[in-house]
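Accompanying notes for the structure given below.
No lab work stands behind these numbers, since they all come straight from the coordinates. Source: prediction; values computed, not measured. Note that we place each Cβ from the backbone using ideal geometry, even for glycine, and neighbour counts take in every protein chain shown.
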Amino acid sequence: MNLGAWRLRNYSTWTRNDGNNTWDNIGTSLSRAIVPLKSQLTLGDTSTAGDIFDSVQMRGVQLTSDEEMLPDSQRGFAPVIRGIAKSNAEVTVEQNNYVIYRTFVQPGAFEINDLYPTSNSGDLTVTIKESDGSEQKFVQPFSSVALLQREGHLKYSLSAGEYRAGNYNSAEPKFGQLDAMYGLPYGFTVYGGAIFSDDYYSLAGGLGKNFGYIGAISIDVTQAKSKLANEENSEGQSYRFLYSKSFNSGTDFRLLGYKYSTSGYYTFQEATDVRSDADSSYSQYHKRSQIQGNVTQQLGAWGSVYFNVTQQDYWNDEGKQRSLNAGYNGRIGRVNYSVAYTWTKSPEWDESDRLLSFSMSIPLGRVWSNYHLTTDQHGRTNQQLGVSGTALEDHNLNYSVQEGYGSNGVGNSGSVNLDYQGGVGSASLGYNYNRDGQQVNYGLRGGVIAHSEGITLSQPLGESMAIISAPGARGAHVINNGGVEVDWMGNAVVPYLTPYRETEVSLRSDSLNNQVDLDTASVNVVPTRGAIVRARFDTRVGYRVLMNLTQANGKAVPFGATATLLDTTKEFSSIVGEDGQLYISGMPEKGALQVNWGKDQAQQCRVAFTLPEQQDNTGVVMANAVCR
């Protein structure tokens, strides 16, 4: 709900699995922009900043810098998740014990690049559930790149409230947190922060430097003192190093980081869960060190390669959480192909998971022929052959048909998947089978907006959006989003806009019916964060008319005369062309035109008209009229 500058939001999920219903109320918040401070004020459920300390869920009040108000070069990013599915699989992404993303993927290497994280940091737990019920699971750390700010720019976050444990039992102590980063001359950035609670406090300080060609580096130290179970006190330090660099050769070190914590160091979340003896990963695994690196190399016409590696070890467990993703994407002519390898190891498992995949796609017009091959550490091989493509005028129906065979007794498998992006939502339908049985997947996603001009259904809603108002333009296609059309009330929703950035919202003129014309086919809007802005289009609803105008003396109305439609709520005018020809749109069946080509009474006349029923193949009505 939006009321002026205030935004009331609730984020809840409902899941039904094997007959069990689960409803999660992830959070409710009230927020607004504080433009003079370039900040966002939030009351209710939110998450703390994650640049310096690990982000945690909280309920309280927060004032934080809003990077969307800054230039594009200083805005944040979301991680890209890569993996390999052996079959038609369900991929679930969790952050801070909440499911933030769920999708179905086809066999082979996949990439998720449209995450909307609930906080700026915090490990992402990725679960790949195969069609036979088996699961792969790995953890992808999520942190910002080297901590830097422009000279003279202050980024800050002030939070005070109650810790939220998520979907497990834990204490929920009250706490306060301060984070600040400031850009100094010569490419330096100084930053620090503090967390205060009854049984925990932590202080952090660090320095970042942009070394130009070498790259950007930041180093920080965090000191923490915790009260654990049985009133036991623990004190320790954590040291972190971050490096990022993009080279002219096309090599992109998106993030190379290392973090080490002494045995007495606990994060706020770890200390709270240990003190509560909570059944969570934070109390079971006390982090010691973490290393992560993401490298991408562009090879020009030869494609690109990527390499992602993470390792996490713990003080209270001898095992290590490790993952590695590597791959190559190439192209020969119009044929695309890729090779990918994943390796994951968890302290919970005795054996690691290793998968190697090869994929190839060959275009056949609007249809692609696809081949996928995956093999695991046991030599089990799965091959899939199929076709995929798009259909409909806006290419908003995606389809795929796959047939496969697996070795070692896996046998035949197959799938059919449809994904439709409609004007009032999106729908997906999938069917797959293997030796263990059959499965049907279906999903509906959409949004509803109640506003001053009615109720409008839409595709899934983003944070900032626009409501198109184009009276009478039912069925007109919105260029910004495939499948979106103006409804019977003249409204449509553009569900994704970037806050504080000018966006052009456009309608396709060739999709209008024969009795609607637009004065302009595009409108520019600039939404604030969470805003629902109005994009109004001036429409002319009525007949398109080509009228031959003559005066009472039989002469043609002069070239350049102005003809104005009378007795309408909105004034429509047009210019008379050569030989008294007038083209004008938005005309009723009956009416009157006022024609002027000067100020004298002899240079003015009026046309009373009744349009004939006959139209040409463009929908234009041909008519003759006398101006008296």
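General remarks:
- With 26 Å as the limit, the listed pairs Lys155/Lys320; Lys86/Lys245; Lys259/Lys345; Lys137/Lys209 have Lys155/Lys320; Lys86/Lys245; Lys137/Lys209 beyond it between alpha carbons.
- Packing around the peptides 446-454, 352-360, taken as the average count of other Cβ atoms within 10 Å per residue, puts them in this order, highest first: 352-360, 446-454.
- For region 476-481, 3J(HN,Hα) computed residue by residue from phi via the Karplus equation (6.51, -1.76, 1.60; θ = phi - 60°) reads 5, 8, 8, 5, 4, 9 Hz, glycine and proline entered as x.
- Magnitude of the charge dipole for region 542-627, about its Cα centre and with charges confined to Cβ atoms of Lys, Arg (+1) and Asp, Glu (-1), is about 180 debye.
- Working from Cα pairs under 8 Å separated by at least six residues, relative contact order for region 371-419 is 30 percent.
- Counting neighbouring beta carbons within 10 Å and listing from fewest to most, the residues Lys86, Lys320, Lys209, Lys590 come out as Lys590, Lys320, Lys209, Lys86.
- Dipole of the chain, positive end: most advanced residue of Ala5, Gln136, Thr92 [Cβ charges, Cα centre]: Ala5
- Convex hull volume of the Cα atoms of region 527-628, normalised per residue: 144 Å³.
- Electrostatic dipole magnitude of the chain [Cβ: Lys, Arg +1; Asp, Glu -1; Cα centre; debye, to 20]: 1180 debye
- Region 181-195 versus region 297-346: alpha-carbon centroid distance in Å: 33 Å
- Answer label, with Rg/Rh (Cα atoms, Kirkwood Rh) calculated from the coordinates and candidates (i) 0.99; (ii) 1.07; (iii) 1.14: (ii)
- ³J(HN,Hα) computed for each position of region 623-628 - Karplus, 6.51 cos²θ - 1.76 cosθ + 1.60, integer Hz, glycine/proline x: 8, 10, 8, 9, 9, 10
- Computed P(r) (all Cα pairs; region 447-540; 5 Å bins; percent): 3, 15, 29, 26, 18, 8, 2, 0
- Within straight-line cross-link reach of Lys599, lysines at Cα separation under 22 Å, skipping those fewer than 8 residues along the same chain: Lys555
- Summing Cβ point charges (Lys, Arg +1; Asp, Glu -1) relative to the Cα centre of region 447-540 gives a dipole of roughly 160 debye.
- Ignoring aspartates and glutamates fewer than eight residues from Lys225 along the same chain, the ones with Cα atoms less than 17 angstrom from its Cα are Asp54, Asp198, Asp199, Glu235, Glu270, Asp273.
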